[in-house]
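To start, the structure itself, in structure tokens.
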Amino acid sequence: MSRLVNRAGLDRVPRIATCGLTRLVLHGAESGGIDLPPVMERHRRGCLTCQVATARQRRMLAELGAMRTQVEPVPYDMTAGLEYPAEVGGDHPSARRSSTSRRTATAVASAVSIAAIGVVVLARRMRSPSIR
Amino acid sequence: MGPDVNELVDRSRDGDREAFGELARLHQHEVYTLAVRLVGDRTLAADVTQEALIRAWRAIGRFRGDSSFSTWLYRITANVAWTLKGRAARQRTYQLDAMIVQPQASDRGNPEVAGERTELRARLGAALAELARSQRTVVILKDVYGWSHKEISEALSISVTASKVRLHRAHLRLRELLKESS
């Protein structure tokens, strides 16, 4: 029961359902996000005001859903910006991948060079007498 | 027969600009429609659409195909709209007419029903335009486009709880606004 109540966004199970309380969680119940606690569901079924509110809520959601199929024609060709590769579209992942790999190769080469220099310096120091 | 979207996506991933141009042409109306609904301004929506297409081109290599190409593109659009609208909020005036929807062909059979629906849609459009940007975005993505709270939270970089709370508040506000206008 507590899970049901939590899903309905209420702190505890209401003993008596009122129109105000029912309408507070009505939209959630109608959009399928929550389950109404049984006491509120019973109230809704028996209350004319809440039934009208439910019908209104359903109409609103249906109209919002119907908006999905309405498409606005573009005022002009929106793909025009993609025609100028150097300005906007040139940064394609494949191009970026090659530049990234080039950067990685440079970094690795630098690290290897530094390590080699370090080895040479260490070797020279080891060869020289430890106590001067 | 139209071009195969999956094939176009594969070619785009390999850097074929023409294939991506074709994909963009196929989806530009839907992207623009979503942008108009999210930002409520046709001029800004055009900017959002172009920016979304450019970002999609740059990111197509990372598109793994977990969702459909259109869903992925809408997610980018929602993200761009969220960013650009935030930037433009203080610079532009809001166009209420962008939200007002035209009667559909299916309504023409019954003039009475069509009249009622047109009126409700007009009121709903005006009410949506009155909502705060954060609330309107969630209502449109959830109730119009049927996204899950998880998808909304990912697109807008908010928590799932925040998405649910915004939707709850938006519904309460919408109900108030519809009541006022009736």
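The values are calculated or read from the model by the stated rules, or taken from the named source; none is laboratory data. Quick caveat: nothing in here was measured; it's all calculated off a predicted structure. In this analysis, Cβ positions are derived from the backbone assuming ideal geometry, glycine residues included, and neighbour counts consider all displayed protein chains.
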Does the stretch B:120-143 contain any residue that is surrounded by fewer than 16 Cβ atoms within 10 Å (Cβ to Cβ), away from every other protein chain (no Cβ under 12 Å) and aliphatic (A, V, I, L, M)?
yes
For the subset of the stretch B:59-89 comprising residues that are in contact (Cβ under 8 Å) with a residue 60 or more places away in the chain and touching a Leu at 6+ places or on another chain (Cβ under 8 Å), which member is nearest to B:Asp16 (Cα to Cα)?
B:Phe69
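For every residue, the table says whether it meets (1) within 10 Å of chain A (Cβ to nearest Cβ); (2) surrounded by 17 or more Cβ atoms within 10 Å (Cβ to Cβ); (3) in contact with an Asp or Glu (Cβ under 7 Å, 6 or more places away or on another chain); (4) at pLDDT 90 or above.
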residue: B:Thr33; (1), (2), (3), (4): yes, yes, yes, yes
residue: B:Leu53; (1), (2), (3), (4): yes, yes, no, yes
residue: B:Trp57; (1), (2), (3), (4): yes, yes, no, yes
residue: B:Gly86; (1), (2), (3), (4): no, no, no, no
residue: B:Arg92; (1), (2), (3), (4): no, no, yes, no
residue: B:Ile100; (1), (2), (3), (4): no, no, no, no
